[in-house]
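I'd like to ask you about the structure that follows.
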Amino acid sequence: MRSLGTRQVTWVLIALSLAVFMSSLDLFIVNLAFPYIGREYPGTSLGALSWVLNAYTIVFAAVLVPAGRWADRVGRRRVFVAGLVTFSVGSLLCGLAPGVPELIAARVIQAAGAGLMVPASLSLVLASVPAAMRGQAIGTWSAVAAMGAALGPVIGGGLVQASWRWVFWINLPVGLAAVLLARRVVPESRDEQARGRPDLAGAVLLALAVGLLALALVEAPGWGWGSPGFIGLLLASVACGAVIVARSRRHHSPVIELGLLRSRTFSGAFGASILYYAGFGAFVLNSVEFLTGVWHYSAVQAGLAIAPGPLMVFPFARFVAPRLAARINGPGRVAAIGCALNVVGQLYWLTQIQAQSAYLTHLLPAQLIGGAGVGLTIPSLIAAGSASLTPARFGTGSGILNMARQIGTVLGVAGLIAVLSHPAAGDLLGGYRHGVVLVMAFMAGAGVACAGLLTARPQAEAADAQASPPAPAAAQPMAAPALADPGASRKPTD
């Protein structure tokens, strides 16, 4: 592939970041629209209405890895554009839905589009951007994704004042712009060495395994974590996973290359991402519920109160994380520091939380510290996880890393709902305090995983080192996309 210059890289990142911002935004923006949707469809049970959220979550998580594998084979830009178009069509149909069943069906279409475009987006960043610029590019991409998730309450709070339908229609101009830009500026890439028919049955089984796991986590607060329904879904998911492993050992083109999971950095980043995004998802929801339920902020006020945290993400992800990684030998250490900052921010909030509104002195410092932690952690986890990927596996690896993010978010939200559903008698703040402790536990667990598995100096690892002979030169692993010092190479390569 022809090397891109600085200006071209900028436009490629704009196109790819627009898409990931849109999909991340949608994960949280609909939460604020949820009560307004319920008012328009009176008589609909809360359980039925909850599938407006759950259907998107489950399908999105289930599609990610098969879509990444498909993108590697047929073309990453082709899958990326197809995902954008599908997501935009689903958004249009969501806004036009005459009833809840139609809205749920449109959300499934929307989620399928997101599942196609997100892994293709990250794999295109890895494939298109020169190695010297890849660290900053990953920082930008991941910062935009995090900002989309965290700014969901901010943007959603304003849109629902006009109509909840605008929560979906806002995606249309963004999606159109991203499609036009992608077709014009993003170069195509694929696994040129791919041979034979891919394991379609394995792809279906993987989607089913992830979908069953997501469904179990979504329903756990209502069913109970020890209920037969939850345990049954969990066992069914594990059974599907076992069949996938067995198929992957013998299939010539498996849906998951088992060698990826043998990489300490990749599997470590996968596990740390699940824990970190569980904390992140619980944190965002806990903050919104506290501000609207205890301090009685409006949706707009709650969104604005959360905004300073996301505003810290971009500068820390784009500028601080790359320089820090260069100084302390690797993104794993930066991720561990970011997790520690998140724990410190939540600990400060835990000591200050009170029923009377005191935003500037109590919540704002915690938001700023936490935003800095997010900006350090998320790009560093992506960089660490990408270090062992060969160019032929960019889409597959990106799909797995994004699946970890989605499963983690579902786990965190489900855990928080379980905590908030059982407050201490007579203690208005008890549930929210327990929510903060839950967030701290997830973040601390992610930090321990980063410190234990990702702090060795990044080395390029052959994804199939233990499973096959040395790969040909075209399939050798990429240089580790550590968050390199942006000042290390400023000369463009047009």
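For the ranges 395-407, 229-241, what's the packing order if you count other beta-carbon atoms within 10 Å of each residue, average per peptide, and put the highest first?
Ranked from most to least packed, the peptides come out as 395-407, 229-241.
Evaluate the relative contact order of region 321-440 (contact order divided by residue number), counting alpha-carbon pairs under 8 angstrom at least 6 apart; express in whole percent.
For region 321-440, the relative contact order is 30 percent.
Sort 121-127, 445-451 for me by packing, meaning the mean count of neighbouring Cβ atoms within 10 Å per residue, highest on top.
121-127, 445-451
Related question: About its Cα centre, how strong a charge dipole does region 153-297 have in debye, to the nearest 20, once Lys and Arg get +1 and Asp and Glu get -1 at the Cβ?
480
Could you compute Rg(Cα) / (2.2 N^0.38 Å) for region 26-79, with N its residue count?
Taking N as the residue count of region 26-79, the ratio is 1.58.
Where in region 291-326 does the amide nitrogen come within less than 15 Å of the point 7 Å from the Cα of L350, taken along Cα to Cβ?
none
Going from most exposed to least, what order do E40, E219, E188 have by accessible area with a 1.4 Å probe?
My answer, sorted largest first, is E40, E188, E219.
Rounded to the nearest 0.05, what FRET efficiency is calculated for S421 and L368 with R0 set to 30 Å and r the Cβ-Cβ distance?
It comes to 0.50.
Answer rounded, prolate or oblate for region 166-299, using the Cα gyration tensor with square roots of eigenvalues a ≥ b ≥ c: rounded when a/c is under 1.5, else prolate when a/b is larger than b/c, else oblate.
In terms of gyration-tensor shape, oblate.
Moving on. Tell me the relative contact order for the chain as a rounded percent, counting alpha carbon contacts under 8 Å between residues six or more apart.
24
Rounded to the nearest 20 debye, what is the charge dipole size of the chain about its Cα centre when +1 sits on each Lys and Arg Cβ and -1 on each Asp and Glu Cβ?
Dipole of the chain, to the nearest 20 debye: 1280 debye.
So what is the orientation-averaged projected area of region 128-201, using the convex hull of its C-alpha atoms, in nm²?
8.5
Report Rg (one decimal) and Dmax (nearest whole number) for region 392-450, counting Cα atoms only, units Å.
That works out to 15.6, 57 Å for Rg and Dmax.
Continuing with this model, one more query. Over the C-alpha atoms of region 361-411, what are the Rg and the largest Cα-to-Cα span, Dmax, in Å?
My reading of the Cα-based Rg and Dmax gives 14.7, 50 Å.
Further, regarding this structure: Viscosity 1.306 mPa s, temperature 10 °C: Stokes-Einstein D of the chain from its Kirkwood Cα radius, in µm² per second?
For these conditions, the coefficient is 71 µm²/s.
Computed FRET efficiency, Cβ-Cβ of W223 and I14, R0 56 Å: what is it to the nearest 0.05?
0.80
Let me ask something else about it. By how many nm would the segment from L258 to R197 grow when fully extended, if each residue of separation counts as 0.36 nm and the alpha-carbon distance is taken off?
Full extension of this stretch gives 20.2 nm more.
Using only alpha carbon pairs under 8 Å that are at least six residues apart, calculate the relative contact order of region 1-132 and give it in whole percent.
Worked out over region 1-132, it gives 37 percent.
Please compute one quarter of the surface area of the Cα convex hull for region 295-421 and express it in square nanometres.
Computed as one quarter of the Cα hull surface, the answer is 9.4 nm².
Would you mind getting the Kirkwood hydrodynamic radius of region 314-359 from its Cα pairs, rounded to one decimal in Å?
12.3
The values are calculated or read from the model by the stated rules, or taken from the named source; none is laboratory data. Everything numeric here is computed off the predicted structure, so don't read it as measured data. Note that each Cβ is placed from the backbone with ideal geometry, even for glycine, and that neighbours are counted across all protein chains shown. Just so you know, the surface numbers come from the protein's heavy atoms only, side chains and all, with ligands and any DNA or RNA stripped out. Shrake-Rupley method; radii C 1.70, N 1.55, O 1.52, S 1.80 Å.
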